[in-house]
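Asks: One structure is given below, represented as structure tokens, and several questions about it will come after.
The values are calculated or read from the model by the stated rules, or taken from the named source; none is laboratory data. Source: prediction; values computed, not measured. Every residue, glycine as well, gets a Cβ built from its backbone with ideal geometry; the counts of neighbours run over all protein chains shown.
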Amino acid sequence: MSVQRSFPLHHSPILSLFSRMPKLIQKPFLLVLACVALVSFRLFSILYSEHYHSDHAIHVLMSYYFRFPEDLYFWGQDRLGSVLPMLTHPITLTGIQPIHATAFMTILVLLAGCYIFTSFLRTFYSKVIFSILWFFPLICFKEILYPAYTDSIQLLIIALIISILININAQQPPKLRYLLYFTIIFNLTGISIWLTETSLILVPLLLLFLVQKFPRDRKLLPYIFVLFGLTAVSWTYFILHAKGLSIPVDNYASLNTPYEAIELLGNIVADYSGILFSHKDSSYSGAAFLGGVLLLTIPFLLYRTEKDFLLTALLLTGLALFFTSVMSHWVYQNGNAAHYFIHSFYLIAAAFLYMLEKSNFKGVTMLRASLIAFTIFAGSTSISDELKGSPHSTLEELEQLKVNGKIAIIGDYWHSYNIAAMDPLHVVATPHDKSHNRSDILKNEVMRSATIYVINDYWMEEFPDTLLQYEHTLIRETSPEKKAGYTIARYRNVGEMKK
């Protein structure tokens with residue numbers, strides 16, 4: 001049975017990138033992409049964003065302190081695979097500040113993902129629209145730009161898998177290359193599942209595509225399924241071993257009841273509709289989210305049953321991930337936040353733009369104009385949210401506090417890791433002992449320091465003369481003072497309490 005070529009080979013970015021390198025710099029879209037990415041980096045990067053917080057800071061610290069295999073998951077939990085810190089760690093070994101290395105790796109992942117998705121599109125118009133939506137997203141989907149979340153890496157992996165499948169479908173490679181492609185695909189799927197268990201839905205989708213779309217040589221199927229089995233066993237062992245070294249998170253893998261799933265679907269509309277019409281500060285976010293939901297529904301109204309592998313892959317994967325999030329009890333108990341649906345949004349947005357390129361129905365011009373207006377609106381929500389705040393604090397005023405070249409700090413969870421991540425070589429910090437401590441390495445290093453600076457914001461009203469922390473006695477040596485926006489006092493660590 002022959003397989004119809006549904007997508008031109010030259011649109012597959014993986015194998016054709018280097019062969020086209022001399023021509024790339026001549027393409028106006030790449031100049032637009034570079035400009036869009038640079039402006040986005042200046043606005044939203046953790047180096048500049050006012051939304052920089054401890055969850056981002058922990059990724060920065062993990063990139064500096066990364067240990068294998070202990071740090072295969074986000075500190076203090078057995079979810080969110082540490083792909084970004086692992087990729088960033090070698091850069092930090094060159095002496096580059098971890099916060100700069102993390103920001104660089106984040107934008108690199110974003111650029112790679114955007115490039116592959118836009119390579120699925122043919123027109124300059126569609127590529128630019130998608131790039132703006134990607135780098136200037138709806139306010140409720142801004143998490144795609146930050147290192148604390150795995151969304152950009154997951155979307156990159158999904159785009160890579162679809163791209164390789166397109167190549168297989170179009171090129172009909174030799175048997176060994178055919179098996180090599182599926183080895184890469186299965187391992188990319190394993191990495192995605194390590195990032196988040198939501199990606200488990202990719203496994204049945206891949207098997208479905210394999211059986212239905214790639215009947216090139218049925219004699220190869222047993223080898224591919226053996227290859228799949230070996231890869232599945234290897235990644236299952238890897239993930240279970242990594243989870244065994246981490247702290248379990250309750251209810252993370254549990255499913256919603258049918259009632260909870262229906263309630264979650266209702267809340268997606270009801271909660272944000274209430275925000276939209278309530279005249280609160282977050283109404284902009286509600287309007288943006290509803291606009292995003294509208295964009296997600298349009299492709300299904302326009303979709304035709306034509307045999308187009310790319311369109312099927314984008315729509316089916318986006319829809320599958322959407323309903324996987326709807327069935328997740330973790331999403332339900334965390335208030336069905338919009339960022340859990342980022343994958344579906346971008347997959348279906350790409351499908352919509354792809355269909356729009358092929359459409360010639362009456363009113364398509366008006367639809368394209370509406371899409372431009374929506375894209376401008378979407379970008380304005382995230383830009384205005386970023387510009388209305390103030391930049392996060394720096395270490396300029398804390399420089400004078402260094403003792404023997406290093407500062408040791410105890411503070412609130414949302415302060416301590418932020419400060420430590422700005423310069424891990426010279427600053428070590430940990431939350432106080434009643435807060436959530438995610439790293440014993442940082443805690444032990446702080447408690448070995450003879451001089452410790454205490455920040456009282458959010459957990460103490462006054463600085464006591466004697467403070468007990470992690471079974472150590474701290475004696476206050478200075479009066480409280482303001483430094484870099486924090487209220488701080490110096491304490492002397494006299495050692496562990498006698499039992």
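Asks: What number of residues within segment 423-473 are of a type in the set (Gly, Ala, Ser) and in contact with a Ser or Thr (Cβ under 6 Å, 6 or more places away or on another chain)?
Replies: The number of residues fulfilling the criteria is 1.
Asks: Let me ask something else. Can you pull out the residues in segment 475-491 that are free of Cβ contacts under 8 Å to residues at least 24 places away in the same chain, closer than 21 Å to Ala420 by Cα and of a type outside the set (Lys, Arg)?
Replies: Glu481
Asks: Sort through Ile166, Ile162, Ile139, Ile184 and tell me the only one that's out of contact with any Ser or Thr (no Cβ under 9 Å at 6 or more places or on another chain) and among the hydrophobic types (A, V, I, L, M, F, W, C).
Replies: Ile184
Asks: Another question, if that's okay. Name the residues in segment 457-499 that are among the small types (Gly, Ala, Ser) and at pLDDT 90 or above, would you?
Replies: Residues satisfying the conditions are Ser479, Ala489.
Asks: Ok, one more. If you go through segment 449-469, how many residues are farther than 15 Å from Lys434 by Cα, part of a loop (DSSP other than H, G, I, E, B) and in contact (Cβ under 8 Å) with a residue 40 or more places away in the chain?
Replies: The qualifying residues number 2.
Asks: Which count do you get for residues in segment 220-261 that are over 24 Å from Phe68 (Cα atoms), outside any loop (DSSP other than H, G, I, E, B) and without any contact (Cβ under 8 Å) to a residue 12 or more places away in the chain?
Replies: The total comes to 7.
Asks: List the helices (runs of 4 or more DSSP H) inside segment 85-197, counting only whole elements, that have at least 3 residues being in contact with a Pro (Cβ under 9 Å, 6 or more places away or on another chain).
Replies: 98-119, 151-171
Here's the yes/no breakdown for (1) without any contact (Cβ under 8 Å) to a residue 60 or more places away in the chain; (2) of a type outside the set (A, V, I, L, M); (3) under 17 Å from Tyr52 (Cα atoms):
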| site | (1), (2), (3) |
| --- | --- |
| Leu121 | no, no, no |
| Phe130 | no, yes, no |
| Tyr149 | no, yes, yes |
| Leu155 | no, no, no |
| Ile168 | yes, no, no |
| Pro174 | yes, yes, no |
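Asks: Can I ask one more? Out of the residues in segment 329-351 that are among the polar types (S, T, N, Q) and within 18 Å of the chain's Cα centre (by Cα), state the one that is modelled with the highest pLDDT.
Replies: Ser344
Asks: So Ser278 passes all but one of these: (1) hydroxyl-bearing (Ser, Thr, Tyr); (2) more than 27 Å from Leu319 (Cα to Cα); (3) modelled with pLDDT of 85 or more. Which condition number does it fail?
Replies: Failing condition for Ser278: (3).
Asks: Search segment 16-53 for residues being at pLDDT below 85 and of a type in the set (Gly, Ala, Ser), and hand back the single one that is farthest from the chain's Cα centre (by Cα).
Replies: Ser19
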